[in-house]
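A short write-up of the structure that comes next.
Read the figures in this text as sums done on the coordinates, not as results from a lab. Quick caveat: nothing in here was measured; it's all calculated off a predicted structure. Here the Cβ is made from the backbone with ideal geometry for all residues, glycine too, and neighbour counts use every protein chain on show.
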Amino acid sequence: MKKWKTGIGCLIFSFLFFMPYHGQAQTSYVYDQADLLSEAQEQTLQGWAEEKKETEKQNFVFLTSEDTGNQDTKTYADQFYDSHGFEKQDGILFFIDMDNRQLTVSTTGSMRNSMTDERVDEVLEEVKPYASDGAYYQVFTQLGEKTIASLKDMEQIPSGTHGDEAEFEEKKEITASEAEGAFLTALLVGGIFFLVIRRKYHANRKTAAYAYRENATLDMTKQTDDLIHHTVTRRRIEREETEADVAGGNGSQNQDDHGGGSIGF
């Protein structure tokens, strides 16, 4: 009886201990550093991002800032995504930069196939009026929904095709009449070619003796290039280590791994 009570006590203690830890481990997808959203709006976006993470297997991150530390908007967005260690790197980040008055989208992983740079530019142009009017929550909701629409469009494209090519992809078959026409055309062209060659051969047919003894000489002159005292000098050009090199050495993603774009508002 005593052991049974001890076991129940351990289970209760474990539940109370790990429950706060699980709450702390929840991934945050909304970072309103510029305080542009209400608390309710942040919670709505967080819940939406968590739902889409499960259904679409992609990260959806919402970010606002009023100080990018002298960095351009796109670089700030790319580095922010990389530095927050999301469980699955495939995803997209929507960024409202109040410091530079820019709307930015940063894509990485498989998301780049759905939201191409051209598609990102189109979407940013469509939501720009919301940002100009100060409707920042609508900017995020519209960006999110348009991204989901692009993902759905990609799912409808047959495998092995890309982009607009899928719209014109059709299965082509050769009919019997087409095959017969192709055969007759090939036969006619081949016959004409044969007759022309045969006619030229008979017109130019002549017998002539070839002086093979006089023309059968062989030149065996040795021609070589001997490189004497050949020296090759190599010099290493030193270069300064850039911030990108340092970041790459630390194992963070390179900016080339990101797509997306920016637009002013």
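What to note about this one:
- Take 43-50, 101-108 and order them by the average number of nearby Cβ atoms within 10 Å per residue, most first; the result is 101-108, 43-50.
- Cross-link table 74/146; 57/152; 74/152; 128/152; 53/128, entries beyond 18 Å C-alpha to C-alpha: 74/146; 74/152; 128/152; 53/128
- Distance in nm between pseudo-label sites at residue 28 and residue 153 (7 Å out along the Cβ direction from Cα): 3.4
- For trypsin sites (Lys or Arg not before Pro), the sites in segment 33-83 that DSSP calls loop and that have at most 15 other Cβ atoms within 10 Å are 57.
- For peptides 112-119, 139-146, sequence by mean Cβ density within 10 Å, most packed first: 139-146, 112-119
- In terms of its C-alpha gyration tensor, segment 36-131 has a rounded overall shape, because the principal axis ratio a/c (a ≥ b ≥ c, square roots of the eigenvalues) stays below 1.5.
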